[in-house]
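Student: Provided herewith is a single structure, encoded as structure tokens, for subsequent inquiry.
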Amino acid sequence: MATGTATGLALTVARPDFATLAALGAAPRTRRFVAMGSAAVMAGGGALLGVLMGLAPGVAVAYPLTSIDYGAGVNPVVDVPWLLLTGLAVVVPLLAVVATGLVVRSRLPRCRACRG
């Protein structure tokens with residue numbers, strides 16, 4: 001959701017740049033590829049930061065809850081689900097890129113000010 005919003009805002013701001021690219025002869029699919037790249041960077045960065053920032057609190061909570069004597073830290077069991085975290089960090093950005101590629105139009109809509 002946040003990636004879609006941020007990508008939409010970035011594409012709105014970049015509309016004059018896309019118009020310049022179209023005037024210079026760039027292929028219509030360039031807009032879609034730039035949008036997909038933008039979504040990949042935002043979703044990938046967000047997923048990576050989310051995993052890294054969630055790891056420390058997760059371990060901090062699991063450490064006292066899994067110790068034998070309830071908080072003293074004797075033989076704690078902390079099992080980090082690396083496969084799940086890696087899967088989420090890869091799948092979520094890929095879904096964002098695919099969704100952006102399906103939603104973004106290749107051609108720019110004509111603006112009223114541009115028709116002159």
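The values are calculated or read from the model by the stated rules, or taken from the named source; none is laboratory data. Fair warning: this is a prediction, and the values are worked out from it, not measured in the lab. Positions of Cβ are generated from backbone atoms using ideal geometry, with glycine treated the same way; all protein chains shown enter the neighbour counts.
Student: How do the pairs read when you match residues in the range 77-105 that are without any contact (Cβ under 8 Å) to a residue 24 or more places away in the chain with residues anywhere that are part of a loop (DSSP other than H, G, I, E, B) and hydroxyl-bearing (Ser, Thr, Tyr), using Cβ under 7 Å and keeping only pairs 6 or more apart or on different chains?
Tutor: VAL77/THR66; VAL78/THR66
Student: Show the residue pairs that are 6+ apart or on different chains and have beta-carbon atoms under 7 Å apart, the first residue being within the range 37-62 and under 15 Å from TRP82 (Cα atoms) and modelled with pLDDT of 90 or more, the second being of a type in the set (Gly, Ala, Ser) and surrounded by 12 or more Cβ atoms within 10 Å (Cβ to Cβ).
Tutor: Hits for this filter: ALA47/ALA89; LEU48/ALA89; VAL51/ALA89.
Student: Right, something else. Among the residues of the range 52-70, which ones are loosely packed, with under 15 Cβ neighbours inside 10 Å, assigned to a helix (DSSP H, G or I) and hydrophobic (A, V, I, L, M, F, W, C)?
Tutor: Within the range 52-70, LEU52, MET53, LEU55, ALA56, VAL59, ALA60, VAL61, LEU65 qualify.
Student: How many residues does the range 74-100 hold that are farther than 28 Å from PHE33 by Cα and surrounded by 12 or more Cβ atoms within 10 Å (Cβ to Cβ)? Spell out how you get there, then give the answer.
Tutor: Here is the first cut: in the range 74-100, the ones farther than 28 Å from PHE33 by Cα are 74-84.
Now narrow it down to the ones that are surrounded by 12 or more Cβ atoms within 10 Å (Cβ to Cβ): 76, 78.
Count: 2.
Student: Quick one: in the range 101-116, which of the residues that are at pLDDT 60 or above and assigned to a helix (DSSP H, G or I) is surrounded by the most Cβ atoms within 10 Å (Cβ to Cβ)?
Tutor: GLY101
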